[in-house]
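Trainee: Okay, here's the structure, questions in a sec.
The values are calculated or read from the model by the stated rules, or taken from the named source; none is laboratory data. All values derive from a computational prediction rather than experimental measurement. Note that each Cβ is placed from the backbone with ideal geometry, even for glycine, and that neighbours are counted across all protein chains shown.
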Ligand SMILES: [Zn+2]
């Protein structure tokens with residue numbers, strides 16, 4: 001497939017000497033061209049479709065739901081049985097609400113039925129295997145087409161445009177990536193295709209942040225693309241040291257974690273720029289982005305189908321009520337996710353934004369499972385757990401895992417083995433995490449039979465037992481931790 005992202009993937013796996021040689025050339029080519037025709041077509045579609053009236057969007061959603069359900073019924077053993085037992089016929093679907101006849105599924109369903117859910121044998125070159133930590137410390141594995149990123153990125157671009165970012169404007173990236181040392185100065189890498197300056201942010205010391213800020217000051221106009229916890233670490237550093245935010249910083253794009261209101265206020269004060277929060281999942285079901293100056297998050301209605309469901313499983317239509325986000329994705333045709341409970345919650349605000357006029361479902365106060373849990377180093381720095389949520393093979397043979405910490409600089413990782421777990425896996429997991437932790441946390445890996453759920457009824461990733469003393473230099477964290 002000649003799609004844009006296979007080109008980007010090829011770039012990422014190219015040898016470093018080749019990248020060095022090509023980088024100056026790529027820097028002069030418009031990124032939209034580099035990303036390919038599939039990307040450009042999707043971007044045009046997304047930019048138009050966001051202004052569609054609701055009736056047209058509903059027709060589009062109905063067609064997409066019928067397409068994905070028909071595919072599932074024809075090619076997936078699991079869905080064929082599920083639909084038959086529920087008496088659901090995809091060809092009879094006449095409006096999005098008809099989908100409610102299909103029973104909901106969740107992560108447990110995927111874990112137990114993955115091979116039967118696939119619409120195609122997954123060992124194909126155009127299929128990627130995705131491994132995430134999943135909710136509640138239980139890893140989740142599934143498959144998705146390698147061409148998804150061109151579509152995904154068109155939506156992200158159209159989202160980020162809302163605070164003035166345009167394709168080609170540099171991004172300073174602090175998203176927990178492991179980046180090799182650069183010229184002995186800092187952990188840094190550059191992606192000329194998207195003009196991303198990627199800083200090693202798995203953990204952040206003051207020395208790292210100083211070096212990054214010096215570098216950012218030379219970027220010209222740029223946007224910060226970060227986890228809320230890493231952006232907050234940068235803002236705290238600026239506040240603590242009295243240093244000014246880089247002059248070229250034009251906006252902040254936050255993804256992948258809950259953003260606490262006080263934390264956001266602190267960042268906007270320190271950076272002097274608007275923060276734009278985006279919500280999505282690795283499963284690619286529901287994507288939502290804030291409306292600057294407007295109310296809440298706008299859910300992209302052509303990306304996937306959102307249902308907000310109360311505890312009894314009924315749809316929420318009343319403004320101000322909270323429910324669980326249930327999504328049906330339009331992008332993944334390898335493993336369809338149909339009526340999938342994300343485990344995330346939100347408050348329903350309506351179907352039309354009063355400020356911009358977009359007829360999209362409006363959600364507020366989205367609370368994901370990605371709480372900002374951290375490990376603490378011996379010098380008091382925090383390493384957010386999302387940075388440990390590796391999209392690689394580290395936790396492949398593990399059913400569940402959890403860090404326990406009682407002393408700064410030391411932690412115990414408990415793992416519940418899955419089928420195929422061998423003695424060598426303990427050593428392998430320890431080695432891979434040490435690489436990320438750069439030995440700032442002495443880690444002991446232990447095998448356990450089970451991990452007890454926390455008091456909140458949900459297993460958590462970090463059982464943090466260190467009492468954090470009142471520290472007036474970090475007032476926002478105390479407000480957030482409650
Ligand atoms: Zn709006």
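Trainee: Taking only segment 249-263 into account, find how many residues are part of a helix (DSSP H, G or I) and touching a helix residue (DSSP H, G or I) at 6+ places or on another chain (Cβ under 8 Å).
Mentor: So the answer is 2.
Trainee: Considering only segment 82-96, state which residues are part of a helix (DSSP H, G or I) and touching a residue at least 24 places away in the same chain (Cβ under 8 Å).
Mentor: 90, 91, 96
Trainee: Give me the pairs, please: first residue somewhere in segment 294-315 and without any contact (Cβ under 8 Å) to a residue 60 or more places away in the chain and closer than 20 Å to residue 278 by Cβ, second residue anywhere and in a loop (DSSP other than H, G, I, E, B) and within 16 Å of the ligand (Cβ to nearest atom), beta-carbon distance under 8 Å, and either six or more positions apart or on two chains.
Mentor: 304/287; 306/361; 308/361
Trainee: Could you list, in sequence order, all residues of segment 96-120 that are farther than 19 Å from residue 324 by Cα and touching a helix residue (DSSP H, G or I) at 6+ places or on another chain (Cβ under 6 Å)?
Mentor: Answer for segment 96-120, where residues must be farther than 19 Å from residue 324 by Cα and touching a helix residue (DSSP H, G or I) at 6+ places or on another chain (Cβ under 6 Å): 113, 116, 117, 119.
Trainee: So, in segment 228-248, how many residues would count as being out of contact with any helix residue (DSSP H, G or I) (no Cβ under 6 Å at 6 or more places or on another chain) and either without any contact (Cβ under 8 Å) to a residue 40 or more places away in the chain or part of a loop (DSSP other than H, G, I, E, B) (or both)?
Mentor: Looking only at that region, the number is 6.
Trainee: Follow-up question, since we're still on this one. Tell me the strands (runs of 3 or more DSSP E) entirely within segment 280-376 that contain at least 3 residues that are away from the ligand (no atom under 16 Å from the Cβ).
Mentor: Once the strands (runs of 3 or more DSSP E) in segment 280-376 are filtered for at least 3 residues that are away from the ligand (no atom under 16 Å from the Cβ), what remains is 304-309, 322-329, 340-350, 374-376.
Trainee: Tell me yes or no: at least one residue of segment 280-289 is buried (at least 19 other Cβ atoms within 10 Å of the Cβ), modelled with pLDDT of 95 or more and over 30 Å from residue 74 (Cα atoms).
Mentor: Yes, that holds for at least one residue.
Trainee: Which condition does residue 416 not pass, out of (1) assigned to a strand (DSSP E or B); (2) at pLDDT 85 or above, if it passes all the others?
Mentor: Among (1) assigned to a strand (DSSP E or B); (2) at pLDDT 85 or above, residue 416 violates only (2).
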